[in-house]
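Scroll down for the structure; my scribbles are underneath it.
The values are calculated or read from the model by the stated rules, or taken from the named source; none is laboratory data. Since this is a predicted model, take the numbers as computed values, not measurements. Cβ sites come from the backbone with ideal geometry, for glycine too, and all protein chains shown count toward neighbours. All accessible areas refer to the heavy atoms of the entire protein, side chains included, with ligands and DNA or RNA removed. Shrake-Rupley method; radii C 1.70, N 1.55, O 1.52, S 1.80 Å.
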Amino acid sequence: MGRFACAAIATGVGGKIQPKTGVLALSLAMRLALNLRMHFSRLMFGLLAAFLLSGLANAVEPAKRPNFVFIVSEDNSIHYLRLYGNKLGITSNIERLAAEGLTFNHAFSAAPVCSVARTTLATAMHAPRVGFQYHRKSALANLPPGVKPWSAVLRDQGYYATNNSKTDYNFKVDMKQAWDMSSGKASWRNRPNNDMPFFHMQSFADSHESRLHFPLKQMEKPTETSPDDVELQPYFPDTPIMRYTKARYFDRMKIIDGHVGRIVKQLAEDGLLEDTFLFYFGDHGGVMPRSKGYAYESGLHVPLVVRIPENFKHLVDHKRGERTDGFVSFIDFGPSVLNLAGIKPHKELDGVAFLGQGVSAVDLARRDEVFGHADRFDEKFDMVRTFRKGKWKYIRNYQGYYADGLQNNYRYRQLAYDNWRDLYRADRLNPVQRQFFERRPVEQLFDLEADPHEVNNLAGDPDQAKRLADLRGRLRSKMKSINDLSFYPENRMVTDALGDGVAFGRKNAQQVSRLSDLADLALVPFPEARKKLGQALRSKGILRRYWSLKVCANFGEQAKPLAKAAKPLLKDKDLMVRVRAAEFLGGIKAIDPMPALYEVVNTAETEQELMIAFNTIVYLRDQIGHKYDPEKVKLKFNKGEVYRRVQYLAGTEPNTNY
C-alpha cells in the first residue's frame, strides 16, 4: 500500500488531519500496510521457492534411458550377406535394420573363435592381456579387482539384463551377477515392470560350424541356393563338395534372417522398438574352411548393423541408412552401450565407445586400426597376431612352421576340409590352394583392396619395405603395451598368471618385452640372428631357451648350424624346452624326435603340457614325416583335448561323417 493511500485513511474523505483520531488512524494504517507487505513478500518467496525446487527435482530425475538388444549369429563373417556385396546373401530383415540404422563396414571380433571372442565382448578387454585367449580354456582367468562384465554394470545402474543363452566364457564370473537371467527362457518380457530399461542378448546357432557337419549322403538333398551360382574363394579347389557346402551356408543365413525379423516384430508388438538400440552382428568369422579359427579377414571381419531408435536418435551423429568406414572391435561394444546409457566405463577396459555422447561421425570415421589374435584352438596350437590399418593387413606368425591345415579333429568333421586335404595329398592343387597345408612366412602383408582373400603376401616386396616396418612396429608396440601373456607357454600362464593376468603382465612387463625382442629375431636374416640365438640357447632363463628354439624352428634349415647347441636341450630340466628342442631338431630332420617326446608325454602331469607336446607330435608326424608309435605312450592324463590327439594319432577317432 502506498503513502497516498495511508494518508487518505488518516485524513478522512476531505483530506484534513484530525487532531487525535488522525494520529491513531495513521498508526493503524501504517501497521496494516506493513503486514500486507510482509504477507505479499512471503507469498512471492514461497512461489519462487516452489518454482526453483520443482526445477531442481526435474534436473536430478533420471531421463528415460534406451534399451539394448544384441542379435548374434554364430560363425559368420561379412562374406555371406548381400549387405556387404554378396548377391546370394539375401537377408531382407537385416537389410531393413540397415535402412533404419547404421552399417559398419569395418567391425571385427578380435579373435576368430567363440569363447575368446565372446569373452572379449563380455569384458571389453584384450584376451591376451587378461589370459583368456585360448579356446577352449584349460583354466579360467580372473578379471582385475573391481572389474565386472559390463552387463553387471548395467544391472547395477537399474537395467534388467538377460542372455538367451550362449555364454562360453573363459573367465570366472558369477552368472547371477552378470545376468538377471541367462537361459533359453530369458527375455526382456520377464522384467519386473515395464518401465525398467533392459539389455537382452540373443544368440542363434543356425549358422554355427556344426551345421556344415553333414554326411556325403546329405548332398543328395538340393539346397535352396544353387551350388552353380556360388563363387568360391581362390584358395578353394572347385569341387562339388565345396560348392554344396557354401550353398548350404547361404541357406543357413536365410534362417538367421528370419530370427532377426522375429525379434524386431516382438519389440514392435511390445511398443519398444523406437526405444531400443538393436545390434545385429556375427560372433566371429566363419565357417567354410580357413575362416573360423584363423586370423584372416574371413575369421575376424564380421557384419555389424545398429538400428537407431527414433526416440534416441539424438544420441547418434549419423542419419538412418548411412554406412561408416570407422573401425570397431568387440572391445568397443560394451563401452558404446554404457555411453549410450550415460554410464562411465571402468578405467581398466580396453575399448572405446563408437556411439553416444561425445562421439561424432567424423571421429568414428577417423578410426582405421584394429588388433587381432589367434592362439590355441581346441587341441591345435598357434600364436598369430594381426594389425590392420586401413586397407593394409599385417600378420605375425610366431609359429609359422605349423601349417594352417594342421589337424584339428572338430574342423575335419566338415567334408569340405577333408576334401581339400585329400586333394593336397594327391598333389592336385595349384600354389594358392596349397598354401593352407604348408609352412607360413613369419610375417605377411596384404593389400586388402587388391587382395581381399589374403593370398598374395607382399612382405618381401621391396616397394612395401617402409610400410612393412611401420605395421610391424605398430603391432610390436601394441603387444608390449598390453603385456601379451602368450609369450608364456600355456602351462606357465595357468600356474602363474591367471589369478590376475593384468597385474602379472604389469609386474613382468620387462620380461615380456625381452621375450618379444627375442622372438623377433625371426624377422632378421639368420646370419644377423645367429649369435644372439646361440647365446639364448645357452641361457639360464627357461623362457629364453624356450623361445630361442621356436625362433630356430621358424628359420628351419637355415638354423642347422645351431643344431649342436640345441641337442643338449632334449634333456632340459623343463619339459616344454625339451618339446621345442625336439620340434626344431625333428623339423630339420637332424634327429628322430619321437623318443624325447615319448619321455615328455609319459612324464607330464598337466593337461597344458600334454597338449603342447602332442601338438608337436602331430606336426612332426603329419608335416615332416616322422613315425609315431602309440604303444610307446603311457599317459597320466588322458581327457579332453589330450584325448582328441590320442584318438587321432591312434586312428581311433569316431568317424562322424563318412
- Item | Those helices (runs of 4 or more DSSP H) lying entirely in the stretch 110-169 with at least 1 residues open to solvent by less than 20 Å² (accessible area, probe 1.4 Å), under 22 Å from residue 498 (Cβ atoms) and β-branched (Val, Ile, Thr) | 114-123, 127-130
- Query: Which residue out of 250, 279 is in contact with a Gly (Cβ under 7 Å, 6 or more places away or on another chain), touching a residue at least 40 places away in the same chain (Cβ under 8 Å) and either open to solvent by 30 Å² or more (accessible area, probe 1.4 Å) or under 23 Å from residue 82 (Cβ atoms) (or both)?
  - Reply: 250
- Item | Close pairs (9 angstrom Cβ cut-off, 6 or more residues apart or separate chains): closer than 15 Å to residue 276 by Cβ and in a loop (DSSP other than H, G, I, E, B) in the stretch 300-324, open to solvent by 10 Å² or more (accessible area, probe 1.4 Å) and basic (Lys, Arg) anywhere | 308/319; 308/320; 320/313
- Do we find a residue being in contact with a Lys or Arg (Cβ under 7 Å, 6 or more places away or on another chain) and touching a residue at least 60 places away in the same chain (Cβ under 8 Å) anywhere in the stretch 416-429? yes
- Answer yes or no: is there a residue in the stretch 599-618 that is modelled with pLDDT of 95 or more, surrounded by 14 or more Cβ atoms within 10 Å (Cβ to Cβ) and in contact with a strand residue (DSSP E or B) (Cβ under 8 Å, 6 or more places away or on another chain). yes
- Query: Is it fair to say residue 281 is of a type in the set (Phe, Trp, Tyr), over 30 Å from residue 425 (Cα atoms) and in contact with a Phe, Trp or Tyr (Cβ under 7 Å, 6 or more places away or on another chain)?
  - Reply: no
- Taking the options 185, 172, name whichever one is within 21 Å of residue 73 (Cα to Cα), touching a strand residue (DSSP E or B) at 6+ places or on another chain (Cβ under 9 Å), open to solvent by 40 Å² or more (accessible area, probe 1.4 Å) and modelled with pLDDT of 95 or more. 185
- Message: Would you confirm whether or not the stretch 329-337 contains a residue that is of a type in the set (S, T, N, Q), outside any strand (DSSP E or B) and open to solvent by 10 Å² or more (accessible area, probe 1.4 Å)?
- Response: no
- Item | Yes/no for residue 261 being open to solvent by 10 Å² or more (accessible area, probe 1.4 Å), touching a residue at least 12 places away in the same chain (Cβ under 8 Å) and at positive phi | no
- State which residue pairs qualify: first residue without any contact (Cβ under 8 Å) to a residue 24 or more places away in the chain and inside the stretch 495-520, second residue open to solvent by 30 Å² or more (accessible area, probe 1.4 Å) and of a type in the set (A, V, I, L, M, F, W, C) in any location, beta carbons under 8 Å apart, and separation of 6 or more residues or different chains. 496/504
- Query: Taking the stretch 385-397, which residues are in contact (Cβ under 8 Å) with a residue 60 or more places away in the chain and open to solvent by 10 Å² or more (accessible area, probe 1.4 Å)?
  - Reply: 387, 388, 389, 392
- Kindly provide the set of residues from the stretch 411-426 that are open to solvent by 10 Å² or more (accessible area, probe 1.4 Å) and small (Gly, Ala, Ser), ordered by number. 426
- Message: If I filter the stretch 603-622 for residues that are more than 27 Å from residue 495 (Cβ to Cβ) and part of a helix (DSSP H, G or I), do I get at least one hit?
- Response: yes
- Task: Identify the residue in the stretch 629-658 that is part of a loop (DSSP other than H, G, I, E, B) and within 21 Å of residue 608 (Cβ to Cβ) and, among all such residues, is least open to solvent (accessible area, probe 1.4 Å).
- Result: 633
- Any idea which of (1) closer than 30 Å to residue 319 by Cα; (2) open to solvent by less than 20 Å² (accessible area, probe 1.4 Å); (3) hydroxyl-bearing (Ser, Thr, Tyr) is the one residue 402 doesn't satisfy? (1)
- Among all residue pairs at least 6 apart or on different chains, which show Cβ distances below 9 Å where the first residue, located in the stretch 542-565, is over 16 Å from residue 619 (Cβ atoms) and the second is of a type in the set (S, T, N, Q)? 543/511; 544/535; 545/539; 548/535; 548/539; 562/548
- Task: Evaluate the stretch 411-428: report whether one residue or more is assigned to a loop (DSSP other than H, G, I, E, B) and within 23 Å of the chain's Cα centre (by Cα).
- Result: no
- Condition check for residue 560: in a helix (DSSP H, G or I), touching a Phe, Trp or Tyr at 6+ places or on another chain (Cβ under 9 Å), open to solvent by 10 Å² or more (accessible area, probe 1.4 Å) and not hydrophobic (A, V, I, L, M, F, W, C): no
- From the option list 462, 441, 452, single residue qualifying as over 27 Å from the mean Cα position of the chain (by Cα) and not acidic (Asp, Glu) is 462
- Query: Across the stretch 367-384, what is the total count of residues that are hydrophobic (A, V, I, L, M, F, W, C), outside any strand (DSSP E or B) and touching a Ser or Thr at 6+ places or on another chain (Cβ under 8 Å)?
  - Reply: 1
- Message: Cβ-Cβ distance below 8 Å, separation of 6 or more or different chains: which pairs start in the stretch 92-104 with a residue that is under 20 Å from residue 362 (Cα atoms) and assigned to a helix (DSSP H, G or I) and end on one that is of a type in the set (Val, Ile, Thr) and open to solvent by less than 10 Å² (accessible area, probe 1.4 Å)?
- Response: 98/305
- Note on the structure: In the stretch 67-91, anything assigned to a helix (DSSP H, G or I) and in contact (Cβ under 8 Å) with a residue 60 or more places away in the chain is listed as 78, 79, 80, 83, 84
- May I ask you to verify whether residue 408 is in a loop (DSSP other than H, G, I, E, B), open to solvent by 50 Å² or more (accessible area, probe 1.4 Å) and out of contact with any helix residue (DSSP H, G or I) (no Cβ under 6 Å at 6 or more places or on another chain)? no
- Give 341, 268 a once-over and let me know the one that is small (Gly, Ala, Ser) and in contact with a Leu (Cβ under 7 Å, 6 or more places away or on another chain). 341
